[in-house]
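Below you'll find the structure, written out as structure tokens, and then a few comments.
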Amino acid sequence: MKKSDINQVYVQSIIVPKKAISIADSFEEKEPSWFVTGQIPTDLSIQVQDITFTVHKYPLVSKCGYIGRLELQPSISNEYEIKLENFPGGSEIFEVILKFCYGLPIDLNPNNIVALRCASEFLEMSEELEDGNLMSKTEAFLTFVVLSSWKDTITVLKSCEALSPWAENLQIIRICCDSVAWKASRENSLMADIVDEGGSLFDDVATLRIDHFMRIITAIRAKEARPEIIGKCIMCYAARWLPGMNIESEGLRSYGYGKTELQYSILSGRNEDEGLGHNNETKTIIESLVSLLPPQREAVPCKFLLKMLKMAIVYSASPSLIVELEKRVGLTLENTSVNDLLIPNYKNEDQGKMIDLYNRQPGQHTMHNIDVVQRIVEYFLMHEQEQQQQQLQPMSAKSNVSKLMDNYLAEVSRDPNLSITKFQVLAEALPENARTCDDGLYRAIDTYLKTHPSLSECNRKKLCKVMNCEKLSLEASMHAAQNDRLPLRTVIQVLFSKQVKMRAAMRGKEPVANGNHSEHEVSHKTTKTEIMTLKEELENVNAQMAKLQTDYSKLQYEYAKLNNKHRNFLGWSLSWKKIRKTAFFNRKIDGPESSEAQQISNPLASKVNFRRQTMS
């Protein structure tokens, strides 16, 4: 194509052909017909969709090779009739082409350029018939006008969605995707700079259909763009097309105040009126976006991965995809929060409905999916072990995850249906050296005991075994020593650990030599005061321990004495019953068994109460 043809007549995307055929006086439209009026009578009738165009044969034959090749047969009215099936762009685009054939100005813009390019290909409007034909003009407009603008390129891609397979066969989609990928991955470009005159590029790309979006991301990755750019595009697309991505989980602040099934259905965007087709489309989008995620950890935050995991569970994505998301979350688990880990539990028969907190019966499912979090922790530990072998894993990662899991346990322990086994397995998922302090774990255990007041003594002991009393702070130890919900054995361990810490603290409060005498004197006075305070507390603890030991010995003695007396009483009672059955004893005698037994049991009960008061 000649350069003069490209620069022919572009005035705000208006094209005027060089040769004008002045055989039409005007164009009139009377539904469902469109016809030309002029001195020369029309001789051709073309039907496109529901519209019939009555025009002259010569202007079309001179520019459209397809119409020139047809063997036209005249009708009764001496007009040739043509019916164009599956015409790209429909009757609106054919009207623009007729104006071009009659030499009238036409408007080329990003919204109609693809349809005109496909229609010119359909009608074979090539340069062989006439220089500057529509096929070459639309090609030039796409190359020099559309592709130079980011927003115009996105607009063209959106118009291609209704013009398959023509746009695909003409390589328009590929050219546009490569252009967008080049702009997004050009050297030294920052994400803040990827902004066009109309807004962010990420928001523009998010308006595309999922298959075109995948092609753009694939092209961007092929050009070795930074993973943050790809991740930003994926996050913007998910926020636009996946309902419920911006909903934050609040957990169980108190029993009975969680999200109901109806509330979550509204928030997640899965309404009862939506059909299966919409759910399948959403599922396809989720699986496609996960497949596009870059492998680098910095590509997307862990918060986004957990949201995608929740959506994948809601829409019943493939198990392999859910496992992939769980592994990716495990890689960056230390960067998430408790609210992000609160994954709702769903009914097996309908993954889209959350467990109803109000209508659950004891022994049913928990409000949150504990198994998913347990698997995520396992993937984190596997990754952490691999990193330790390579000496790449920072020590703070495991500590952050231990605090995260303690807070998570404190949150889910408010669920009345959470079993001790699940609590214990999740608490023991991390190795013992991961926690430098067990205050968070103690808080979770105490919350669980508050929520389950009817727990037996055996289960309380089993629950408290996951906690190391030696890792409790002084404040937590003082609280635990006065906690009536804890079993007696745990309280004794806490008191013993507290005593050991006090002794260690006193041994560690030795004054250190310093050049500044005033500071040394102040430090010495402060240290002496602290030592005296600790000594007083230690003496009180020792007195309590001694008194507790004495009470325990007395309790053992009273218990043994009570057993002996009870055995003697049973022997006497049996003999008395035999005497009453003899013929010499016909009169009814009321025995003092009940009152005497009650009197015997009273000392034991009083001793138990006295023991609990001493502990507190």
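The values are calculated or read from the model by the stated rules, or taken from the named source; none is laboratory data. Given the structure is predicted, the values throughout are model-derived calculations rather than measurements. When we count neighbours, we look across all protein chains shown, and the Cβ atoms used for this are built from the backbone with ideal geometry, even at glycine. Side chains included, ligands, DNA and RNA excluded: accessible areas come from the protein's heavy atoms. Shrake-Rupley method; radii C 1.70, N 1.55, O 1.52, S 1.80 Å.
Quick check on segment 107-118. Is at least one of its residues closer than 23 Å to Tyr58 by Cβ, touching a residue at least 24 places away in the same chain (Cβ under 8 Å), buried (at least 20 other Cβ atoms within 10 Å of the Cβ) and under 43 Å from the mean Cα position of the chain (by Cα)? Checked against the condition, which is being closer than 23 Å to Tyr58 by Cβ, touching a residue at least 24 places away in the same chain (Cβ under 8 Å), buried (at least 20 other Cβ atoms within 10 Å of the Cβ) and under 43 Å from the mean Cα position of the chain (by Cα), segment 107-118 yields at least one hit. One residue stands out among those in segment 165-191 that are polar (S, T, N, Q) and open to solvent by 70 Å² or more (accessible area, probe 1.4 Å): the one that is nearest to Asp107 (Cα to Cα), which is Gln171.
Checked against (1) part of a helix (DSSP H, G or I); (2) farther than 27 Å from Met382 by Cα; (3) without any contact (Cβ under 8 Å) to a residue 40 or more places away in the chain; (4) open to solvent by 70 Å² or more (accessible area, probe 1.4 Å), Arg460 passes all but condition (4).
Does segment 551-561 include one or more residues that are under 30 Å from Lys471 (Cβ atoms), open to solvent by 90 Å² or more (accessible area, probe 1.4 Å) and at pLDDT 75 or above? Looking for residues that are under 30 Å from Lys471 (Cβ atoms), open to solvent by 90 Å² or more (accessible area, probe 1.4 Å) and at pLDDT 75 or above, one finds at least one in segment 551-561, hence yes. Tell me, please, whether a residue that is at pLDDT 90 or above and polar (S, T, N, Q) can be found in segment 382-401. Taking every residue of segment 382-401 in turn, none turns out to be at pLDDT 90 or above and polar (S, T, N, Q).
All conditions in (1) assigned to a loop (DSSP other than H, G, I, E, B); (2) more than 23 Å from the chain's Cα centre (by Cα); (3) within 24 Å of Leu309 (Cβ to Cβ) hold for Ala225, with the sole exception of (3). Among the residues of segment 232-247, those that are surrounded by fewer than 20 Cβ atoms within 10 Å (Cβ to Cβ) and not basic (Lys, Arg) comprise Cys236, Ala239, Trp241, Pro243, Gly244, Met245, Asn246, Ile247. Filtering segment 128-143 to residues that are hydroxyl-bearing (Ser, Thr, Tyr) and either surrounded by fewer than 23 Cβ atoms within 10 Å (Cβ to Cβ) or not in a helix (DSSP H, G or I) (or both) leaves Ser136, Thr143.
Please work out if Ala429 is in a helix (DSSP H, G or I) and either open to solvent by less than 70 Å² (accessible area, probe 1.4 Å) or in contact with a Lys or Arg (Cβ under 8 Å, 6 or more places away or on another chain) (or both). No.
Taking each residue of segment 223-241 that is in contact (Cβ under 8 Å) with a residue 60 or more places away in the chain and looking for partners that are open to solvent by 50 Å² or more (accessible area, probe 1.4 Å) and not in a loop (DSSP other than H, G, I, E, B) with beta-carbon atoms closer than 8 Å, six or more apart or interchain, yields Glu228/Met191; Ile230/Arg221.
Scanning segment 474-495 finds one or more residues that are polar (S, T, N, Q) and either in contact with a Cys (Cβ under 6 Å, 6 or more places away or on another chain) or closer than 24 Å to Val329 by Cβ (or both).
Residues that are open to solvent by less than 30 Å² (accessible area, probe 1.4 Å), on the phi < 0 side of the Ramachandran plot, in contact with a strand residue (DSSP E or B) (Cβ under 9 Å, 6 or more places away or on another chain) and assigned to a helix (DSSP H, G or I) are absent from segment 82-90 altogether. Within segment 466-508, being in a loop (DSSP other than H, G, I, E, B) and surrounded by 15 or more Cβ atoms within 10 Å (Cβ to Cβ) holds for Val466, Met467, Asn468, Leu472, Asn483, Arg485, Leu486, Pro487.
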